Amino acid sequence: MELEQINKQESVAVDSEKWVCDSSFDSKGRVPLRASTGAWKASLFIIGIEFSERLSYFGLATSLIIYLTKVLQQDLKTAAKSVNYWSGVTTMIPLLGGFVADAYLGRFSTVLASSIIYVMGLFILTMSRVIPGLKPCDSATCQEPRKIHEIFFFLAIYLISIGTGGHKPSLESFGADQFDDDHPEERRKKMSFFNWWNFALCSGLILGVTLIVYVQDHVSWAAADIILTAVMLFSILIFCLGRPFYRFRKPTGSPLKPMLQVLVASILKRNLVYPPPDQLYEVPKSDKTNGRLLFHTKNLEFLDKAAIIDETQDLAANKPNPWRLATVTNVEELKLIINMIPIWLTTLPFGICVAQASTFFIKQGTTLNLKIIHNFKIPPASIYALAAIGMIVSVVVYDKILVPFLRKVSGNERGINILQRIGIGMVFSVATMVVAALVERKRLNIVEKNPLKGSLSMNVFWLAPQFLIIGMGDGFALVGLQEYFYDQVPDSMRSLGIAFYLSVLGAANFLSILLITLVDRVTDKGGKSWFGKDLNTSRLDYFYWLLAGITAGNLCIFTFVAMRYSYKNVRTSTVAVADCYEGGDAIESVS
């Protein structure tokens, strides 16, 4: 009997090494072969289209405030709000795109459909700058841009927003799906995936804010749009060519329905007495077809009542009514979402700091000396490349130096847990705002001494520290947020998980608009608004100090919340995922 059990365990181990048994399937609908599908061989195709999309996005986003002020002739305050509105919509729509991907279309189909919408937006944008009747002006100089151009321009960039809404959450979660959480080697590769995903993102960003912005500045906006459209079309082709190597997951219907069922069941059973945790209802592991089983946790115990088996439920005779009886896993999945709310809220001030880099930081560059060598000038938006460089440096140092070292020291598979990584990034955001305030104060001092010449005697690389520091902060906080929201949501909601991460940035952009409006009104009543018609009549240094104070105060709250956070605890064939964080001892035998 003992020999038979050993043979069975060895057979399971061999099968799990050959086949991927995590509810995924290959391009022909079969159980995927580990050797020929997934992991890096598949994710490289996916990372490729992310590179192209970020090239397009940042090629447009970083120069948007310049286009709005110089071509569409908006004042600084209006242009900053327009950029924040667009960025906010672009990063909030993924909540809808992620839901559609998880519930109905699947991630591959959602990426493909949204990429087509994205290309349509780029095509209309190109038309608005190429077709004579749609151009902003007939001549190089004009008093007011044409309304028809504004209509087509905003239609195009918001189509790009819709495309991004399906593209971003589905693509990143689809890439992470290529790694099997129950396979130790692939699980470690997945931890590196988010780091190298952001490396590709930053590479696309750097080319977008250097090459594409240079073409916009020295050739034409239309030429840049043609390049972006062609690159995006080519990357869609590459993405489709990778189809035989992908691992797919079947959409499971609305992930919100089981959570509503848990809530209803717990309310209906609110008067029942709590039984021991091992008496709560759970389906056998062999009957679980989608996702993984979760261990019971002690927080939010009132929801556990949904999993109490009462005398009216005959489990042997029929399938239980999900509105009356929920599994422990379904209860724990709802707990995960509720536990995320404080984390989501306390990361918003970090997102507000990030929003300044693509608006006021870029606009600051337009007032400085842009010469590098001799008569060569860089476009103002190209300074944003330093943020990407800072992010790349921090990601590489973290992945290749810090994580291996911290694994040896702490015994933690991740080196440090995810929320610690996010907290470190928040410290960088406080430092960014302090440095930005000091640099802006210096710039205004120069303007005061020579109002006619302004700050042209000050080199643009005075902005380098604030871009580098915010980039290094992104390497910790943004990558950490991506991993956190992908990893800690229920398995059926992973596209929505990435959308939750993006919604932090989206909500932060809207909060930035609100903060600018409030500060403008309050300071205007005090005598002089901090936001004038241009930078030289504004007091951005005061605004940066305000953000530094808000972010520092919020960091204390985030630390308090993070110290009490309970990580997702998954039943696997080897060891609970929570062990990666806390060194727990929850182990379930493969037999």
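Before moving on, here are some points about what is shown:
- Output for region 48-74, where each listed residue is touching a residue at least 60 places away in the same chain (Cβ under 8 Å), open to solvent by 10 Å² or more (accessible area, probe 1.4 Å) and charged (D, E, K, R): Arg54
- Residue match in region 30-43 (condition: open to solvent by 40 Å² or more (accessible area, probe 1.4 Å), more than 23 Å from Ser173 (Cβ to Cβ) and touching a helix residue (DSSP H, G or I) at 6+ places or on another chain (Cβ under 9 Å)): yes
- Every pair of residues 6+ apart whose Cβ atoms lie under 6 Å, when the first sits in region 145-159 and is farther than 12 Å from Leu68 by Cβ while the second is small (Gly, Ala, Ser): His149/Ser128; Phe152/Ser128; Ala156/Gly121; Leu159/Gly121
- Residue check for Leu171: buried (at least 24 other Cβ atoms within 10 Å of the Cβ) and among the hydrophobic types (A, V, I, L, M, F, W, C): yes
- Within the set Ile148, Ile116, the sole residue that is at pLDDT 85 or above and more than 24 Å from the chain's Cα centre (by Cα) turns out to be Ile148.
To keep it simple, each residue is scored yes or no on (1) farther than 26 Å from Ile236 by Cβ; (2) at pLDDT below 80; (3) of a type in the set (Gly, Ala, Ser); (4) under 24 Å from the mean Cα position of the chain (by Cα).
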position	(1), (2), (3), (4)
Glu10	yes, yes, no, no
Lys70	yes, no, no, no
Leu76	yes, yes, no, no
Ile93	no, no, no, yes
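- Residue count for region 78-102, restricted to those that are in contact with a Lys or Arg (Cβ under 9 Å, 6 or more places away or on another chain) and either surrounded by fewer than 19 Cβ atoms within 10 Å (Cβ to Cβ) or more than 28 Å from Ser358 (Cα to Cα) (or both): 2
- Inclusion of Tyr57 among residues that are closer than 18 Å to Pro169 by Cβ and among the hydroxyl-bearing types (Ser, Thr, Tyr) is warranted.
- The set of residues in region 236-258 that are farther than 16 Å from Val331 by Cα and without any contact (Cβ under 8 Å) to a residue 24 or more places away in the chain contains only Leu237.
- Some residue of region 99-122 being within 23 Å of Gly59 (Cβ to Cβ) and without any contact (Cβ under 8 Å) to a residue 40 or more places away in the chain: no
- Matching residues in region 217-231 - criterion: being touching a Phe, Trp or Tyr at 6+ places or on another chain (Cβ under 8 Å) and modelled with pLDDT under 90: Trp221
- Any hit, region 363-378, residues being closer than 23 Å to Met191 by Cβ and in contact with a Leu (Cβ under 9 Å, 6 or more places away or on another chain): no
- Within region 473-497, the residues that satisfy the criterion of being open to solvent by 10 Å² or more (accessible area, probe 1.4 Å) and either at pLDDT 85 or above or of a type in the set (D, E, K, R) (or both) are Asp474, Phe476, Leu478, Glu483, Asp487, Asp491.
- For the criterion of being surrounded by fewer than 17 Cβ atoms within 10 Å (Cβ to Cβ) and among the basic types (Lys, Arg), Lys528 passes.
- Answer residue from region 360-399, given it is of a type in the set (S, T, N, Q) and at pLDDT 80 or above and is nearest to Leu502 (Cα to Cα) among those: Ser394
- Contact map, region 259-286: residues that are under 19 Å from Asn321 (Cβ atoms) and assigned to a helix (DSSP H, G or I) paired with residues that are modelled with pLDDT of 85 or more and polar (S, T, N, Q), Cβ distance under 6 Å, separation 6+ or inter-chain. Pairs shown: Val262/Asn330.
- Some residue of region 209-220 being surrounded by 19 or more Cβ atoms within 10 Å (Cβ to Cβ), closer than 29 Å to Ser173 by Cβ and of a type in the set (A, V, I, L, M): yes
- Within region 237-258, the set of residues being assigned to a helix (DSSP H, G or I) and under 26 Å from the mean Cα position of the chain (by Cα) comprises Leu237, Ile238, Phe239, Cys240, Leu241, Arg243, Phe245, Leu256, Lys257, Pro258.
- Number of the exception - Phe531 against (1) in a loop (DSSP other than H, G, I, E, B); (2) within 30 Å of Phe295 (Cβ to Cβ): (2)
The values are calculated or read from the model by the stated rules, or taken from the named source; none is laboratory data. Being a predicted model, the structure only gives us computed values, none of them experimental. Note: ideal-geometry Cβ built from the backbone for every residue, glycine included; neighbour counts use all protein chains shown. Note: accessible area is taken over every heavy atom of the protein model, side chains too, but ligands, DNA and RNA are not part of it. Shrake-Rupley method; radii C 1.70, N 1.55, O 1.52, S 1.80 Å.
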